[in-house]
Amino acid sequence: MPIITLDAVSKAYQGRPLYRNVNLEVNEGDFVSFSGPNGSGKSVLFRLMCRFLSPDTGTVTIDPRFMSRGRSFPESFGILIDRPGYLPSRTGIDNLRELAAIRGVIGDDEIRATLESLGLDPALKQRVRQYSLGMKQKLALAQAFMESPKVLILDEPFNALDADAVANVKAMLRALNEQGVTIVFTSHNAQDVEELAKKRYPIENETLVAA
């Protein structure tokens, strides 16, 4: 059974049709990219795939293995859509501790290791409101990665990162995919898509086109 299935999904946003009759299967171990111009609805597509939004017509199904009883949202997904809201007066590690406490599946060791892997110092006393855009992006990636999810849904994961950080994140994603993690991402950079994705779906004429 696919992890995520979109069956005849259509969605309009603020009165404008974004998707019509979209059919898609994301299978375990896939490394999938979506690409399209600004305004083509990539973030909306990701919200549909995570069931944060409901389609106007059609269905979105997530394999029950990736759900917990009584929840409508997937629990074993690492998700980066736009940039998560943080407590600006707290440090990066304190913010991640707050998020980790929701599920209680990891502790400080895992949080610190994730921050370090992305080039952020866990001991940094700087408040998040003082972070650069690149640091905020690394923190956003850390919250997606830190609980060792089985599925990663990443909207523009390389935004605001310098060349070294981009190379590091790409290496991390390749390693995770080799370990069986399913990865779905968007990027405005064609090189990112060419280097990483095994399946590519440009967004054209309000639907997905297999490349």
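Which members of segment 35-92 meet the condition of being among the hydrophobic types (A, V, I, L, M, F, W, C), in contact with a helix residue (DSSP H, G or I) (Cβ under 8 Å, 6 or more places away or on another chain) and more than 19 Å from residue 149 (Cβ to Cβ)?
Listed by number, the residues that qualify are 53, 87.
From the residues in segment 102-126 that are in contact with an Asp or Glu (Cβ under 9 Å, 6 or more places away or on another chain) and either among the hydrophobic types (A, V, I, L, M, F, W, C) or farther than 17 Å from residue 141 by Cα (or both), which one is least open to solvent (accessible area, probe 1.4 Å)?
115
Working only within segment 127-146, note down all residues that are buried (at least 19 other Cβ atoms within 10 Å of the Cβ) and not basic (Lys, Arg).
Correct list: 131, 135, 137, 139, 140, 141, 142, 143, 144, 145, 146.
Name the residues in segment 63-78 that are open to solvent by less than 30 Å² (accessible area, probe 1.4 Å), part of a loop (DSSP other than H, G, I, E, B) and within 19 Å of residue 7 (Cβ to Cβ), would you?
Hits for segment 63-78 are 63, 74.
Considering only helices (runs of 4 or more DSSP H) fully contained in segment 126-211, which possess at least 1 residues that are touching a strand residue (DSSP E or B) at 6+ places or on another chain (Cβ under 6 Å), β-branched (Val, Ile, Thr) and in contact (Cβ under 8 Å) with a residue 40 or more places away in the chain?
Output list reads 190-196.
Among the residues of segment 11-62, how many are farther than 11 Å from residue 208 by Cα, in a strand (DSSP E or B) and of a type in the set (Phe, Trp, Tyr)?
So the count comes out to 2.
For residue 63, are the conditions met, namely being farther than 28 Å from residue 194 by Cβ, out of contact with any Gly (no Cβ under 9 Å at 6 or more places or on another chain) and at pLDDT 90 or above?
yes
Starting from segment 73-92, take each residue that is farther than 22 Å from residue 185 by Cβ and list its partners that are part of a loop (DSSP other than H, G, I, E, B) and open to solvent by 20 Å² or more (accessible area, probe 1.4 Å), counting only C-beta distances under 7 angstrom and pairs at least six apart or across chains.
91/124; 91/125; 91/126; 92/124
Would you please name the residue that is least open to solvent (accessible area, probe 1.4 Å), looking only at residues in segment 185-211 that are touching a Phe, Trp or Tyr at 6+ places or on another chain (Cβ under 9 Å) and of a type in the set (Asp, Glu)?
192
Are any residues in segment 40-53 under 16 Å from residue 20 (Cβ atoms) and of a type in the set (Gly, Ala, Ser), and if so, which ones?
The answer is 40, 41.
The values are calculated or read from the model by the stated rules, or taken from the named source; none is laboratory data. Keep in mind that what you see is a predicted model, and the values were worked out from it rather than measured. Cβ: placed from backbone, ideal geometry, glycine included. Neighbour counts: every protein chain shown. For accessibility, only protein heavy atoms count, side chains too; no ligands or nucleic acids. Shrake-Rupley method; radii C 1.70, N 1.55, O 1.52, S 1.80 Å.
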